[in-house]
1. Between a residue in segment 416-434 that is in contact (Cβ under 8 Å) with a residue 12 or more places away in the chain and assigned to a helix (DSSP H, G or I) and any residue that is surrounded by 15 or more Cβ atoms within 10 Å (Cβ to Cβ) and among the charged types (D, E, K, R), which pairs come within a Cβ distance under 7 Å, given they are 6 or more apart or on different chains?
2. Looking at this structure, is residue 371 outside any helix (DSSP H, G or I), assigned by TED's automatic domain parsing to the domain that holds residue 461, in contact with a helix residue (DSSP H, G or I) (Cβ under 8 Å, 6 or more places away or on another chain) and modelled with pLDDT under 90?
3. In segment 441-476, what count of residues is obtained for those that are within 15 Å of residue 181 (Cα to Cα) and assigned to a helix (DSSP H, G or I)?
4. Of the residues 49, 31, which is modelled with pLDDT of 75 or more, of a type in the set (Ser, Thr, Tyr) and surrounded by 14 or more Cβ atoms within 10 Å (Cβ to Cβ)?
5. Looking for whichever is at pLDDT below 85, not in a helix (DSSP H, G or I) and not aromatic (Phe, Trp, Tyr) here; the options are 17, 79, 109, 96. Which one fits?
6. Given the conditions (1) out of contact with any Leu (no Cβ under 8 Å at 6 or more places or on another chain); (2) within 19 Å of residue 429 (Cα to Cα); (3) not basic (Lys, Arg), which single one is not true for residue 202?
7. Given the condition farther than 30 Å from residue 83 by Cβ, at pLDDT 90 or above and assigned by TED's automatic domain parsing to the domain that holds residue 84, answer yes or no: does some residue in segment 333-347 qualify?
8. For residue 479, only one of the following conditions fails: (1) among the β-branched types (Val, Ile, Thr); (2) under 30 Å from residue 225 (Cβ atoms); (3) in contact (Cβ under 8 Å) with a residue 60 or more places away in the chain. What is its number?
Amino acid sequence: MKIISIKSLIASFCIGAVLPSYAQEESYNDTLALSLDQCITIALSENPTIKVADMEIERMDYSKKETLGQLLPSISFGAQYSRTIAKQVMYLNMGALGGGSASGSTEGATGTEGSESEAASRKASSDGGIKMGLDNSWSMGFSASMPLIAPQLWKSLNLSDSQILQSVETARKSRLDLINQVKSAYYALLLAKDSYKVILDNYENAKVTHEIYSKQFELGAASEYDVLRTSVAVKNVEPELLQAEIAIKQAKLQMSILMGMDVAIPFEPTTTLSDYEKTMYDDVLSINRSIDQNSDLKMLDLQTRSLKDVLEVQKMAWYPTLALSANYNWTSMSDGNPFKNFRWSPYSTVGLSLSIPIFQGGQRYTKIKQAEIQVNEMKFQRENLERAINMQVDLAIDNINQNVKQISSCAESVKQAEKAHDIMEKSFKIGAASYLNLRDSELALTRSKLAYYQAIFNYLIANNDLELLLGSANIDQYTSED
């Protein structure tokens, strides 16, 4: 399974935009229309945090293979050369051996023995010592070893599995956090755009009213005070409009950073905040408050498992170990030039090494007790964490229900404000209402719409935070085969 890359998405969009118009060159002038799911898919593919988490899983997998490699035979080749600077001198007590003198022994020996004796006599020092050994010594060969009985090493494989599972859960948590951040940024972008539309409508209405009074003033049908008052109303809306534009730019910049996308690529969301009101009640009724997928809780369980594995490893320190070793070497010794007169003599050995631990000052016992205490500590930490998460879930669900009620109230308020504004607008056109009455109705409509969109945004953020708390985001839906 591979996550759809941002390059594939941009390429597909450019092809769809280029073919109908028969354009010959690609350009960033085309605006990408991205849904929330597409934004999350791009972020999971391109965000550096996710790549680092996946690399950490791969690293832990290699760590386990390293531990597994300790159970396999270890083979090495080595070579050694040494040059004798001063030979060792050996002294013999000839009187203690009995028999004749050294010369008598020499005369009774064969010709070969006599020559060797003469060579030894030449090497004898003035005090009767004999120099032993040769100038050059070569040694090279292969050595192999393999553990046959290694309880601690066997149990350490389980510890490596626990560490890999922790890395996997850490990567899942990173994805859940990224999904939460992308959704929050996407909702903030929707709020900024909807707020901008509301403020823009208010600004356009103020401009239209100011133009009407300006024309009436030119015809002598309105006072200068009316023109100034409507002009001030227009100027008062302009800072709010500018602030809304800045909010949109900031939200898009944050989205681009989270998606790992070039900020020069323009994009627009495909939905509005009001679209989420249609599925709001169904989503509330289908909330599952199970905390089994909570990332912190799962990580604590994996840490507890890891501590239990450590406890088992410590217990295995009481068991004996047995290792097999083998060697096959060649040796050569000579005088004079080290690269001549080689006389290689092979030799080999095979052996077993048994180690039975008896007493180490109580270190193994105290390590086991420490590991047991840590395991018991994790039980109490899990109980405390579970209570805290359940409390947070209850508060989040209450917050969601409160936001749903507020959305319903704000939606009804918007309908009433629109109706009141229509009435006041018609009355103003026929001269039955003043400008102040019209302006008051416009401001009331603007405030009700902004409150409505803010309520939907608060509901989406609360629902998003609950999803992160429960760990219930379906990560697989944002992946597909390449």
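1. Pairs that qualify, where the first residue is in contact (Cβ under 8 Å) with a residue 12 or more places away in the chain and assigned to a helix (DSSP H, G or I) and the partner is surrounded by 15 or more Cβ atoms within 10 Å (Cβ to Cβ) and among the charged types (D, E, K, R), are 421/442.
2. For residue 371, the condition - outside any helix (DSSP H, G or I), assigned by TED's automatic domain parsing to the domain that holds residue 461, in contact with a helix residue (DSSP H, G or I) (Cβ under 8 Å, 6 or more places away or on another chain) and modelled with pLDDT under 90 - is not met.
3. The qualifying residues number 13.
4. Every option except 49 fails the conditions.
5. Step by step, each of 17, 79, 109, 96 is checked, and only 109 is at pLDDT below 85, not in a helix (DSSP H, G or I) and not aromatic (Phe, Trp, Tyr).
6. (1)
7. no
8. Residue 479 satisfies every listed condition except (2).
The values are calculated or read from the model by the stated rules, or taken from the named source; none is laboratory data. Since we're looking at a predicted model, the values are computed, not measured. Note that we place each Cβ from the backbone using ideal geometry, even for glycine, and neighbour counts take in every protein chain shown.
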